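What follows is a single structure, written as structure tokens, with notes after it.
Derivation of every value follows stated rules applied to the coordinates shown; laboratory data play no part. Every value quoted in this text rests on a predicted model; they were computed, and no experiment measured them.
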Amino acid sequence: MKHNILILIFLFIAFISVAQEQKISVFSPDNLLQVTLVENGGNVFYSVNYKDVELLQQSPLGLVAVRGNFSENLKFISHKLQTISGKYTLNRTKQSEIEHKSNELVCSFANPQKQQIDIVFRVSNNNVAFCYRIPQISDISNIIVERELSGFRFAEGTSTFLTPQAPALSGWQHSKPSYEEEYTADAPLGTPSKYGEGYTFPALFHYQNFWLLLSETGVSSKYCGARLSEVTTDGLFTIAFPQMLENNGVGSVLPAMLLPAQTPWRTIAVGDNLKAIVETTAQFDLVEPLYEAKYDYKFGRGTWSWIMWQDASMNYKDQITFVDLAATLGYEFILIDALWDKNLGYAKMEELLQYAKNKGVAPFVWYNSNGFWNDAPQGPKGKMNTAIDRKKEMAWLQKMGVKGIKVDFFGGDKQETMRLYEDILSDANDYGLMVIFHGATLPRGWERMYPNYVGSEAVLASENLIFTQHACDNEAFNACLHPFIRNAVGSMEFGGVLLNKRLNRDNDGGTTRKTGDIFQLATAVLFQNAVQMFALTPNNLTEQPAFEIDFMKTVPTTWDETIFIDGYPGKYVVLARRNGEKWYIAGVNAEKQTKKITLKLDFLKEKNLTKFTDEKGLLPKTENVKLNKNNEITVEIQSNGGIVLF
Ligand code: CA
């Protein structure tokens, strides 16, 4: 897992000094991606080119700290170039064996007070990442960052796929921001955000035939989560810190660090096709595990009553029904969601947990994170927000055979909240608990940093299909965004595969699902999260065709490899994922017309496949098919329909 560090010769670098301007370039190993750092009149900028096309124009770098200004009058001191390579295994995301290689440029600058800042760039074949390092400054041993200049300047003609940051303390019981806003696809550059608070990561951009996905990684308790500002008239987004009212106004919006310090990596996946975006592993390549796994965490599938049967199902009888459902399906987990403390109580809960254990179904148990940062009334409350309460609760959970917790309703992106996420994860590891976050921020490299971390919501998840018809009407559109944006940078706890036609308990009221059954099955493969709580209900066992349920019994949730096959964000998507020797190809279509595509599947050893499709009228069908001698197969995906090949 250690990086092999090789000092490189000057082949990768062009160092030009023209009059007052210092210019240094660093290239990707394949030489197609180029970052150029420029110091001009004491200001530092960078630009990004791919295949000689400028994708990010001169964009500012630097930061202003309370006790050190690194934003202007910077003097170039020195630079260092080296190759960074590494190899690691990760059992919880899109790929399990990962090798990476990048060229790293470290440029050191000093301000007039002779305080030093290092600007670090890593450039791999399809990814750029940068961060700042600040060494110990004589007698100063900590730094509070007031603002970053870090920017991203796009060319005119770039189109955007962005989601707005919600105003702090807005939304249900003042629980926002929770990364649950809608994305706008293909919007022109310069479109103001819905709430005037900028945009959350990840953010996708399209310029000519090029794609760029911005996000960040390596955000631990040592910094705040950042977002993108509103865009200026000349196409510049800058890094913005949390809003003052996040976390109920408590805690600073400014990050503070012990020196020597390193800021989180800001990442830019770049390519002339969407493969570079969907398959990026930069979020994990750039970070290291922050602690060892104390237990051998096992992932899998689960059932949960709350999604389709809602709050009324938090009673002993219904929970038993869903334990039994999990056992019937061969699922590893049951998620016991909100209100169990009130409706069951701890004594009855112990009976339920024992029942699950006897059935061979491991429980995940829901908690409210708070705390004082919102008014969400669901309990249990006040069990996860202090170390004392948390450890006591976790000791009980471990004793009862609970394998994971789902913690909901967090207070935003302030460093104080990042510390809470980290403390929950770290304590949970001591008690053998995996962690899912809901009502939460975007995970930023957490699958690798925290070995018991599973996934976060940070998406308009399946609950919205129950809440509004609008979400059902847009289900296919949103499903065609996630693999390119949200799920490209981190595990996504979506809670999907809804096989009821009407999304209520008796399958006879509530919102109406517009997508086909095979569409739903396809999302089990398209959406990646190492533990998937599927929205299946007992009636599905008898009402759906048997082949659908058989598939749901065997579909895996962890992947060794992921390959982008075809698609366009918001329109359609086809991916292939491998678990062991077995490949699953899944696609869905959000366009009005039926999509006819020829899939080239060279990686498949088998030529005979099972194919599921939503036929005309979205009627589910299964058949055996064969690839032709060129390993191709032509398929049709209906509007709002899906396809699965395996
Ligand atoms: Ca939610």
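What residues have an amide H closer than 5 Å to that of Gly300, excluding those fewer than 5 places away on the same chain, when H is modeled at 1.01 Å from N in the peptide plane?
Placed amide hydrogens put Val531, Gln532 under 5 Å from Gly300.
Percent of alpha carbon pairs in the chain separated by more than 48 Å? Walk me through the numbers on the way to the answer.
Numbers: 26912 of 208335 pairs.
Value for the chain: 13 percent of Cα pairs lie more than 48 Å apart.
Out of all DSSP beta bridges with both ends in region 422-579, state the antiparallel percent to the nearest 5.
So the antiparallel bridges amount to about 65 percent of the total.
For region 44-176, please report how many Lys pairs fall under 29 Å Cα to Cα, leaving out neighbours fewer than 8 apart on the same chain.
Total qualifying Lys-Lys pairs in region 44-176 comes to 9.
List the residues, sorted by chain then number, that are 5 or more residues from Ala458 or on another chain and whose placed amide H is less than 5 Å from its amide H.
Long-range HN contacts for Ala458: Gly439, Ala440.
Give, in whole angstrom and from largest to smallest, the semi-axes √(5λ) of the equivalent ellipsoid of region 462-535, with λ running over the eigenvalues of the Cα gyration tensor.
Details: eigenvalues 88, 32, 22 Å².
Calculated on Cα positions only, the semi-axes equal 21, 13, 10 Å.
Write down the percent of antiparallel bridges among all DSSP beta bridges whose residues are both part of the chain, to the nearest 5.
On the way: 139 of 162 bridges.
Percentage antiparallel, nearest 5: 85.
Residue by residue through region 30-46, what is 3J(HN,Hα) from phi via Karplus (6.51 cos²θ - 1.76 cosθ + 1.60, θ = phi - 60°)? Round to whole Hz and write x for glycine and proline.
The phi angles translate into 8, 6, 8, 10, 10, 10, 10, 9, 10, 10, 9, x, x, 9, 10, 9, 9 Hz.
According to the square roots a ≥ b ≥ c of the eigenvalues of the Cα gyration tensor, what is the shape class of region 167-228, taking rounded for a/c under 1.5, prolate for a/b larger than b/c otherwise, and oblate for the remainder?
oblate
Beyond 19 Å, what share of the Cα-Cα pairs of region 538-632 remains, rounded to the nearest whole percent? Walk me through the numbers before you get to the answer.
Details: 2270 of 4465 pairs.
Beyond 19 Å sits 51 percent of the P(r) for region 538-632.
Can you list the HN-Hα couplings for region 543-553, worked out from phi with the Karplus curve (6.51, -1.76, 1.60; θ = phi - 60°), rounded to whole Hz and with x for Gly and Pro?
In residue order, the calculated couplings are 7, 8, x, 4, 5, 5, 5, 4, 4, 5, 6 Hz.
Strictly over 18 Å apart at the Cα level, which of Lys514/Lys616; Lys571/Lys626; Lys553/Lys607 would you flag in this model? Intermediate values should be presented prior to the final figure.
Working: Lys514/Lys616 13 Å; Lys571/Lys626 27 Å; Lys553/Lys607 23 Å.
As for pairs spanning more than 18 Å Cα to Cα, those are Lys571/Lys626; Lys553/Lys607.
Looking at the square roots a ≥ b ≥ c of the eigenvalues of the Cα gyration tensor of region 460-505, which shape do they give, rounded for a/c under 1.5, prolate if a/b is larger than b/c, or oblate?
On the way: a/c = 2.49, a/b = 1.80, b/c = 1.38.
Prolate.
For a bin width of 5 Å, list the pair-distance distribution of region 276-343 built from all Cα-Cα distances, rounded to whole %.
Bin by bin from 0 Å, the calculated values are 3, 14, 17, 13, 11, 11, 13, 12, 6, 0.
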